[in-house]
Amino acid sequence: MSVVMEQPEEPTSTQRAALLHIIESTLKVQTPSEFLAWTEGELQTLFPHEILICGVGKIDRHSIHIHRYLCAGFPLSYIEAIRQADHGVLSPIMARWCKERKPQLFQPGKIDTEVDGRWLAIFRQHDLRNIAAHGMRDMSSNVASYFNFSRIPGQLTPRHAYLLELLVPHMHVALTRVLAQDKHATGPSPAAQPNVTPREREVLRWLCEGKTNGEIAQILGVSGNTVKNQVRGILVKLRVNNRTQAVSKVLSGESWD
């Protein structure tokens, strides 16, 4: 079931001061790792949650085709499970946001006829418990950001939606800033890539852009098997199990040593 939106109570002066402090702290966020540290630090004091995934991509009527994302504790197997062949995702919560462009709160009930049963099974399998999500769209294009919080303590209330409306515009600015700065580089820092060849670095950059092996093969003018072998080599060197984990590790700024 989704949570009925009501008018939240007016915040106290103390709560307003805390909110202003958290908003101001986003100005100091300059790298993906700093962004993740902010979500696991300052943000928790106002909007506690266990896991978060956020990203930027192209929006259509029903979904966001995520190009780059950051993950804070979110189960990567969930991301793989809902990802579609066209790089969109199977998520009724995201689809509802794409239509309404307002905060979405979801807590499962005994009967959940309003959401896709396939997605609900994946949701339950990964013990997400609940979802509070919101995003921002660049009105000059179809680029959007999307923030998905899960395993939020207690029951979701209109206050969660209210806080998302206040926080997400500033989170959008911070997220696009850190990803844009990272994207302008030719690839992840060579010093952080033990034994990664220039071609593997190029393949890794396209993985971060959400390209499939076939698309990367076309871009680089090589065979699909060649790209497949290069991806395998990258996974070994990054010590991860799949491409989703590789992308998450690169974008999070996590040490590979």
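Across all directions of projection, what mean area in square nanometres is found for the Cα convex hull of segment 100-179?
Working: hull surface 26.3 nm².
The directionally averaged projection comes out at 6.6 nm².
Using a simple spin-label model with pseudo-atoms 7 Å out from Cα toward Cβ, Ile219 and Glu100 lie 3.5 nm apart. For the peptides 227-237, 164-174, 48-58, 16-26, the ranking by mean Cβ contacts within 10 Å, running from highest to lowest, is 48-58, 164-174, 227-237, 16-26. One compactness figure for segment 13-183 is 0.99, namely its Cα radius of gyration divided by 2.2 N^0.38 Å.
Note on Leu27 and Glu40: the model spin-label points, each 7 Å out from Cα along the C-beta direction, lie 2.6 nm apart. Summing Cβ point charges (Lys, Arg +1; Asp, Glu -1) relative to the Cα centre of segment 13-183 gives a dipole of roughly 300 debye.
Computed from the coordinates by the stated procedures, all read-outs in this text should not be read as laboratory data. Computed from a predicted model, the values in this text were never measured in an experiment. Glycine gets a Cβ as well: all are built from the backbone with ideal geometry, and neighbour counts include every protein chain shown.
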